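I have placed the structure first, in the form of structure tokens, so that the comments after it can refer back to it.
The values are calculated or read from the model by the stated rules, or taken from the named source; none is laboratory data. Just so you know, these numbers come straight off a predicted model, no measurement behind them. Heads up, the Cβs are rebuilt from the backbone with ideal geometry, glycines too, and the neighbour counts pull from every protein chain shown.
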């Protein structure tokens, strides 16, 4: 369903961005309520990492077939079905989740929904735009993704404090229902491509033959290892820091500080993206990733430091771990061949979300092996493991930039 009278392009872009933000209210809800779920469901660090990363596992599994399907089926149809699945996933968490395995199941469904509305939504939005508006739409749409994930942390924590954690997922489900209505009325249908059926849906060999694209895809996996490791564990880390060192009485709550650490990455990414245009791309990435490797364990170490130091390092790491996202995302267009750009986007998302799954799990496992969240130094180890994502990213950028 579309409006009877064509809407101005800026209005269509704005409504698509609003729908994306509403659909993302479930994205980090688990992270916002993870301390409560750890206590109620008696989760280990590894189990909590699996629960926090399950969404990314579902996305990694779903993104290749669903994004690839948009070359054969109108993207809007994929978006509508996937948004309905996201709503059902959040409603299932609110109504039926009773422990680790049921929680993982519903979050896996949500991840499949995410795979089917994020990139397919961008494709539906941009398929019929001219090059000038296509570039703007992609930039705005990608930028509000981080806004949506940050708002997800804040809304999940705020609703849980008021009504309990189940209502956090209930509100997220309502957000997806509202997004479904916006998509149905205002999202363009997109286009199918006549030659797409000639290529196997999951044949990724054309991407792997492109060394620069492969390096960029691997760098994205390291990037999401770090970003989602930080976002899944950030609130829980701050809750433990507050309990141990008395920071809970200070103006910034754990949820609010974690939200600010996510939001501050947006202007940082824009500034770093501009620097990559003006200077050597690889050198800019090396510098940002190296800073992130150093900042990560300092965040864990700061749990025993004054709150102003802890907050400052959280914000600094929020900038370094997310700051390279625009540069890496631009690599999709910069390095891919036009005839395989959609396939490259699918591989990029799929491999990236594998990193998003493994980062939170690895951090939780490290936390367990170091003695648990109450042991001094355990958080330093966990955050050092999170920072390994940028170390891997450095190696991936180097691989992609080497001449064969």
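Tabulated results
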| read-out | value |
| --- | --- |
| From the options 57, 32, residue that is surrounded by fewer than 24 Cβ atoms within 10 Å (Cβ to Cβ), at negative phi and assigned to a helix (DSSP H, G or I) | 57 |
| Members of the stretch 166-180 found to be more than 19 Å from residue 117 (Cα to Cα) and buried (at least 22 other Cβ atoms within 10 Å of the Cβ), listed by number | 168 |
| Residue in the stretch 74-81 that is surrounded by fewer than 24 Cβ atoms within 10 Å (Cβ to Cβ), in contact with a helix residue (DSSP H, G or I) (Cβ under 9 Å, 6 or more places away or on another chain) and either not in a helix (DSSP H, G or I) or not assigned by TED's automatic domain parsing to the domain that holds residue 148 (or both) present | yes |
| Which listed residue, of 107, 42, is within 19 Å of residue 233 (Cα to Cα) and free of Cβ contacts under 8 Å to residues at least 24 places away in the same chain | 42 |
| Residue selected from the stretch 200-234 under the condition in a helix (DSSP H, G or I) and at pLDDT below 85, by the criterion surrounded by the fewest Cβ atoms within 10 Å (Cβ to Cβ) | 205 |
| Some residue of the stretch 65-73 being closer than 20 Å to residue 228 by Cβ and either without any contact (Cβ under 8 Å) to a residue 40 or more places away in the chain or crowded, with 21+ Cβ neighbours inside 10 Å (or both) | yes |
| All positions within the stretch 363-385 that are more than 13 Å from residue 300 (Cα to Cα), free of Cβ contacts under 8 Å to residues at least 60 places away in the same chain and touching a helix residue (DSSP H, G or I) at 6+ places or on another chain (Cβ under 6 Å) | 371 |
| Which listed residue is touching a residue at least 12 places away in the same chain (Cβ under 8 Å) and in a helix (DSSP H, G or I), from 296, 275 | 296 |
| From the options 260, 301, 285, residue that is in a helix (DSSP H, G or I), within 19 Å of residue 145 (Cα to Cα) and in the same structural domain as residue 377 (by TED's automatic domain parsing) | 260 |
| Breaking point among (1) buried (at least 20 other Cβ atoms within 10 Å of the Cβ); (2) modelled with pLDDT of 75 or more; (3) farther than 17 Å from residue 54 by Cβ, for residue 137 | (2) |
